[in-house]
Amino acid sequence: MNELKVFNPATGDLLATLSMDSKEMIETKLKAGHDAFRTWRNTSVYERAALIDRWADLIIEQKDVVAKIMTEENGKPLRESLGEVLNAVSYLTWYAEEAKRIYGRTIPANTNNKRIMVTRQGIGLVAAITPWNFPAAMMTRKAGPALAAGCTFIVKPAEDTPLTMIKLVELAHEAGIPKDVIQCVVGVGSEVGPVFTSSNYVRKITFTGSTPVGKRLISEGANTVKHMSMELGGHAPFIICEDADIDFVITQAIASKFRNAGQTCICANRFIVHKNVLAEFTEKFTAAAKALKLGNGMDPTTDVGPLINKKGFDKVVEQIEDAKAKGASVLVGGTSFEDKEKKTYFVSPTVLGDVTLDMQIMSEETFGPVAPIIAYDDLDTALEIANGTPFGLAAYYFTNDYKRGIYLQDHLNFGIIGWNDGLPTTAQAPFGGFKESGLGREGGIEGIEPYLETKYLSIGNL
Ligand code: ADP
């Protein structure tokens, strides 16, 4: 039987050896999930909400255990893992409430001997594929609305971080959610993906990960016309206007850029700074980045942990080297530490000045603790740079001028906008991207829609 080994990215220690599900085992689970839908969909929303709430309570009771597992397998500082556990729970509690607001409607008919009704019902078995950067929250914001809507759920966590998810699914079962209603598959994405996309039991694929894999899933799922929700890559611009409060901007810029070592799809990726505040921003931001401590996330003084794996590390190093070769100056950081024996990969918080648009870092998602700064002198140029990407996930801008703020909101082609806010993600708001950043939204009232089918009933001969 194939094994999946899980390592601590900060130390290289082996954390667990898991046996992977074979194709036949996955197919058995898919059938079980499909069969369980028949009973789960007929539970009352109040029953489902109570079970989801109970699951949330159990995660809270075990939040320190879950956070430790997460830091060990993902590398993020322990306080960030704890923050993620609470964020993950907030999706469950939000959707336990939202379950009670799955409304239908009645529509006036053309003639009086007819009635028209519209009802909503769970779509069926949902298969989720999740990434390693938020091992808990990326699952609960799919599982919460799916279970609330009456769908059954099967999830394949990322190969690097399956342990958090396995623990969460165990807690779901402990809370009383039936075993076949929420299931976990351990395996390699490129092998599990086609089993999910080709299965007639699966009605919907929900995915968070890279844009190339998302495109692949969309095309593979076309054969069985599956519903698709896609949270894909980003390349967030962070625009700083000439009137912005730079000290406040620094707090937001540091949080947005260096959280999770820069490995989030909504991380600030391109700092686009008005020339009048360029010197002040650059100096203060560089000093703040320099003060960040690189290390093992289990050490409470660590601000920035390791990168998840060699593939991620190589991409970040390549972007730094490319920028340097094209004339960028390294204002702080730029140092990478690869321990070939332990297989650990760190990059120190890095700020790049003298950046130009031809550098890879200005067109490719970075997923690392590297901040390129580029100057602008009129707002339309800033907008052109910001929008000049196939991505459209998150964008940030900082101004206290309301006309400028509304102008930017009107013209930025992004699904999530932070105006004087570097951390906009929250359970009650719709998260998702324009263009190649994805399809659909997670969070908010929008986040349950993709798990519901619409059924129209026409009653005649009255
Ligand atoms: P990253 O490059 O950041 O790891 P991926 O998009 O490759 O991002 O990974 C996100 C998730 O997608 C992981 O769970 C991974 O196993 C899964 N995955 C990778 N390749 C495929 C594929 N061909 N089909 C389905 N899932 C995949």
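The values are calculated or read from the model by the stated rules, or taken from the named source; none is laboratory data. If you're wondering where the values come from, they're calculated on a predicted model, not measured in any experiment. In this analysis, Cβ positions are derived from the backbone assuming ideal geometry, glycine residues included, and neighbour counts consider all displayed protein chains. With ligands, DNA and RNA removed, areas are computed over all heavy atoms of the protein, side chains included. Shrake-Rupley method; radii C 1.70, N 1.55, O 1.52, S 1.80 Å.
Dipole orientation for the chain: of the candidates 89, 288, 178, 178 has the Cα lying most toward the positive pole (charges on Cβ; Lys, Arg +1; Asp, Glu -1). Working from label points 7 Å from Cα in the Cα-to-Cβ sense, the residue 219 to residue 47 distance is 4.4 nm. Normalising the Debye intensity of the stretch 331-462 to I(0), with uniform scatterers on Cα atoms only, and taking log10 at q = 0.12 Å⁻¹ returns -0.67.
Treating r as the C-beta distance of residue 121 and residue 287 and R0 as 60 Å, the FRET efficiency rounds to 0.60.
Taking all Cα-Cα distances within the stretch 382-429, those exceeding 15 Å account for 44%. Only one residue of 107, 192, 454 has its Cα farthest out toward the positive end of the dipole of the chain, where Lys and Arg carry +1 and Asp and Glu -1 on Cβ, and that residue is 107. For the chain, find the longest principal axis of its Cα atoms and tell me its angle to the long axis of helix 310-325, 0 to 90°, nearest 10. For 310-325 against the chain, the angle is about 40 degrees. Ranking 249, 239, 262 by Cα position along the charge dipole of the stretch 233-277, where only Lys, Arg, Asp and Glu carry charges on their C-beta atoms, puts 262 farthest toward the positive end. Taking only protein heavy atoms and a 1.4 Å probe, the accessible area of the chain is 54% carbon and sulfur.
Using the Cβ-Cβ distance between residue 60 and residue 428 with R0 set to 22 Å, the FRET efficiency from 1/(1 + (r/R0)^6) comes to roughly 0.75. Note on residue 324: lysines with a C-alpha under 18 Å away, same-chain residues under 8 apart excluded, are 315. On a 0 to 90° scale, report how tilted helix 275-290 is relative to the longest principal axis of the chain, with both axes built from alpha carbons and the result rounded to the nearest 10. Between helix and principal axis, roughly 80 degrees. Once the stretch 1-140 is represented by equal point scatterers at the alpha-carbon sites, with solvent omitted, what log10 I(q)/I(0) does the Debye formula produce at q = 0.12 Å⁻¹? Debye intensities relative to I(0), on a log10 scale: -0.71.
Quick one: helix 402-411 against the long Cα principal axis of the chain, what's the angle to the nearest 10°, folded into 0 to 90? The two axes meet at around 60 degrees.
Residues in the chain average 41 Å² of solvent-accessible surface per residue, probe 1.4 Å, ligands and nucleic acids excluded. With a threshold of 32 Å on the Cα-Cα distance, the over-threshold entries among 293/343; 63/311; 293/403; 63/293; 284/403; 29/215 are 293/403.
Let me make sure I get this right: for the stretch 236-426, a, b and c are the square roots of the gyration tensor eigenvalues over alpha carbons, sorted descending. Under 1.5 in a/c it's rounded, otherwise prolate if a/b > b/c, else oblate. Which is it? Verdict is prolate for the stretch 236-426. Relative to the compact-globule estimate of 2.2 N^0.38 Å, the Cα radius of gyration of the chain comes out at 1.02. Could you work out the helix-only [θ] at 222 nm for the chain, with each DSSP H run of four or more residues adding -39,500 (n - 2.57) and the total divided by the number of residues, to the nearest 500 deg cm²/dmol? The helix-only estimate for the chain comes to -12500 deg cm²/dmol at 222 nm.
So which of 435/455; 142/275; 257/340 end up more than 31 Å apart by C-alpha? From 435/455; 142/275; 257/340, over 31 Å: 142/275. Taking each residue as 0.36 nm, the span from residue 28 to residue 339 lengthens on full extension beyond its C-alpha to C-alpha distance by 107.9 nm. The GluC sites (Glu not before Pro) found in the stretch 297-380 that occupy coil by DSSP, while having at most 16 further C-beta atoms within 10 Å, are 341. The charge dipole of the chain, taken about the Cα centre with unit charges on the Cβ atoms of Lys, Arg (+1) and Asp, Glu (-1), comes to about 1760 debye, rounded to the nearest 20.
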